[in-house]
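Bear in mind that the values in this text are calculations on the coordinates, not laboratory data. Just so you know, these numbers come straight off a predicted model, no measurement behind them. With ideal geometry, Cβ positions are generated from the backbone for all residues, glycine too; neighbour counts draw on all protein chains shown.
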Amino acid sequence: MSGGETQRVAIAQALACSPEVILLDEPTGSVDVENRIIIERIIRDINREKEISVIFTTHDMIQASRLADEIVFLFDGKVAESIYENIYSGHIETGEGDQKYCVLQGGLKFKVETERSGFVRVSINPGAIIISRVKDDNILKGNIFQGRMIQLTDEQSRVRALVDIGIPLSVLIPREASRDLHLSLGEKVWLSCLPEAFEIF
């Protein structure tokens with residue numbers, strides 16, 4: 001059986017005893033896109049039609065936002081006090097005027113405000129990132145970089161965009177602003193965020 005078929009059989013076995021709660025550990029972690037869509041539909045049906053509570057783990061923030069009514073973030077094995085998204089490894093450099101920069105993989109460099117030095121983890125707040133179809137200095141402030149739209153997902157009152165800037169970066173856009181932008185997949189866009197959007201730990 002394929003990975004997707006194996007996962008569906010495992011879910012069916014779990015449902016055989018009519019549970020009140022079902023726990024799924026990364027149910028779409030090793031399946032192709034077609035089977036991921038099928039499994040996500042099964043998860044929705046289990047919850048809505050059979051009224052069974054579903055707890056599932058995932059590293060895919062977009063998937064979690066798409067499926068879950070409530071999201072709990074874990075960091076270092078503990079429930080996180082803050083919601084960490086766009087988490088990357090990097091190191092801190094000091095430039096002119098003691099300006100601190102966080103350098104990520106591929107040489108991406110961002111101005112940050114931190115007292116940390118050396119190797120760090122960084123989280124970039126997706127709601128603090130500005131997106132524009134043109135490079136407009138009246139709109140874009142702070143760290144400015146260009147990327148390509150690779151995914152758009154509806155999330156109730158907002159839209160989540162996944163933008164490839166050399167690393168995949170998640171951006172949250174108010175629904176009304178998203179309508180005005182008329183974003184489309186494959187399109188090049190400009191992003192910006194102030195140093196305050198970065199949490200260094």
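Converting phi to 3J(HN,Hα) with the Karplus coefficients 6.51, -1.76 and 1.60 and the offset θ = phi - 60°, the range 89-98 yields 9, x, 9, 9, 10, 10, x, 4, x, 6 Hz in sequence order, with x at every glycine or proline. Give me the net charge for the shell around N47: Cβ to Cβ below 15 angstrom, other residues only, Lys and Arg +1, Asp and Glu -1. Residues near N47 contribute -2 overall. For the chain, pairs of C-alpha atoms spaced more than 28 angstrom apart make up 39 percent of the total.
Sum -39500 (n - 2.57) across every DSSP H segment of at least 4 residues in the chain, then divide by the residue count to get the 222 nm mean residue ellipticity, nearest 500. About -6500 deg cm²/dmol. Most tightly packed first, judged by the mean number of other beta-carbon atoms within 10 Å of their residues, the peptides 28-36, 11-19 read 28-36, 11-19.
Where the centre of each part is set by its Cα atoms, how far does the range 1-39 sit from the range 123-201, in angstrom? So the two Cα centres are separated by 32 Å. Residues considered: H182, H91, H59. Largest GNM mean-square fluctuation over the chain, using C-alpha springs under 10 Å, is found at H182. Please tell me which of these pairs span more than 20 angstrom C-alpha to C-alpha: K78/K109; K100/K188; K111/K188; K111/K141? Distance filter (> 20 Å) returns K78/K109; K100/K188; K111/K188.
Calculate the translational D of the range 1-105 in whole µm² s⁻¹ from Stokes-Einstein, where the hydrodynamic radius comes from the Kirkwood formula applied to all Cα pairs, the temperature is 4 °C and the viscosity 1.567 mPa s. Roughly 79 µm²/s, to the nearest whole number.
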